[in-house]
Structure formats: structure tokens, C-alpha cells
1. Scan the range 22-40 residue by residue and report those that are of a type in the set (A, V, I, L, M) and farther than 22 Å from residue 55 by Cα.
2. Determine if the range 17-29 includes at least one residue that is in contact (Cβ under 8 Å) with a residue 12 or more places away in the chain and outside any helix (DSSP H, G or I).
3. Looking for whichever is closer than 25 Å to residue 47 by Cα and either modelled with pLDDT under 75 or in the same structural domain as residue 33 (by TED's automatic domain parsing) (or both) here; the options are 80, 130, 136. Which one fits?
4. Assuming residue 89 fulfils every condition listed in (1) surrounded by 11 or more Cβ atoms within 10 Å (Cβ to Cβ); (2) of a type in the set (D, E, K, R); (3) at pLDDT below 75 apart from one, which condition is it?
5. Could you figure out which of (1) assigned to a helix (DSSP H, G or I); (2) surrounded by fewer than 16 Cβ atoms within 10 Å (Cβ to Cβ) isn't true of residue 49?
6. Of the residues 5, 56, 14, only one is crowded, with 17+ Cβ neighbours inside 10 Å and either in the same structural domain as residue 165 (by TED's automatic domain parsing) or modelled with pLDDT of 85 or more (or both); which?
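The values are calculated or read from the model by the stated rules, or taken from the named source; none is laboratory data. What you see is a predicted model, and the numbers here were worked out from it, not measured in a lab. A quick note on method: Cβ atoms are made from the backbone with ideal geometry, for glycine too, and the neighbour counts reach across all protein chains shown.
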Amino acid sequence: MLESIVFYALAACILGFGVLVVTARNTVHCVLFLVANFLCVACVYVLLAAEFLAVIQILVYAGGIVVLYLFVVMLVSLRGAPEPLDTGRHSRLGFILAALMLAEISAILMYSAARPASAVAAAPARPEGGNTEVVGMMLYSDYLVPFELASMLLLVAMIGAILLARKEA
């Protein structure tokens, strides 16, 4: 009963901080709300007995990624007047991205519905090797391709940030 109350309270905090990240006008406040959001997600991981993921959530996201965001916010001067947007082009791009997200969510739901329930039920509740060993084995065996794609995406983002931050000579 208490776990359910704590979970729902954390879920409400996560949603609230997510809305504040999107709606806050000051970019530094957005980053601080994002840190609070990441910490609440880490608390949910602790509630689910995934301590390793909670520590990684705090170290990688609440630590490293947020420092990177703050660095970019301070590096890129956002004081000037915003440039006028071509709303037609951006709305088409937004529609295309929304359609892709809908297709991805639909594919995930269809895959989950087609997956046999016995594979999910056969997994032990508390693995003998511990969370870290199980996460490592799954990350480098079952989820190797998504892991590599995420690393490629981070590499492209890093190269883009370097190109944006480079001073024109």
C-alpha cells in the first residue's frame, strides 16, 4: 500500500517537473527542473529494486547530461531576439515526426501483443547474479544494436555541438 502511494506521488512529481521543463521561460530553470525530474525517476528505480539503474540515472543523466545542457545554455547566447520561424515548414516537420512516433509506438504495442507471455513469466524476480550482471548481459547481448545506435546518436550530437560552438574564423 505504501509503495503504491510513493509510486503515484513520484509519478505526479515526474509529470509535474516534465511540464515545468517545457513551460519554464528561463533555460537554467528548465535544466534545474530536468534535474529534479531525473532524481524522481531514480527514486522510482529504487522503488523497483533496480539500484544499479538508479545510480546510473543519477550519475549519467542528473550529473553528466545536465552539466552538458548547462554548458550549452551558457555557451549559446539566448539573449537576442528570436528569429522569425517559418511556421509552415515547422508544422509539416512536426506532423511528420508525430506520425513517426505514432508508428513506432504502434509497432512496439503490436510486438508486445505478439510476444508470448511465457517468456515474461519465466524471468526470475530477483536474479542470482545481481542487477549489474543481468543489465550488462542484456545490454551486450539482447540489446546490442539499440545500444550501438544510441552511442552513434550521442556521437552525432557531440559533433554537432562542437560544430555549433566553433567560432567562425
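1. 22, 24, 28
2. Looking only at the range 17-29, we keep the residues that are in contact (Cβ under 8 Å) with a residue 12 or more places away in the chain, and these are 17-18, 20-21, 27-28.
Keeping just the survivors that are outside any helix (DSSP H, G or I) gives none.
Checked against the condition, which is being in contact (Cβ under 8 Å) with a residue 12 or more places away in the chain and outside any helix (DSSP H, G or I), the range 17-29 yields no hits at all.
3. On the way: 80 fails: closer than 25 Å to residue 47 by Cα; 136 fails: either modelled with pLDDT under 75 or in the same structural domain as residue 33 (by TED's automatic domain parsing) (or both).
After ruling out the rest, the residue left standing is 130.
4. Looking at each condition in turn, residue 89 falls short on (1).
5. Tallying (1) assigned to a helix (DSSP H, G or I); (2) surrounded by fewer than 16 Cβ atoms within 10 Å (Cβ to Cβ), residue 49 fails exactly one: (1).
6. On the way: 5 fails: crowded, with 17+ Cβ neighbours inside 10 Å; 56 fails: crowded, with 17+ Cβ neighbours inside 10 Å.
Result of the check over 5, 56, 14: 14.
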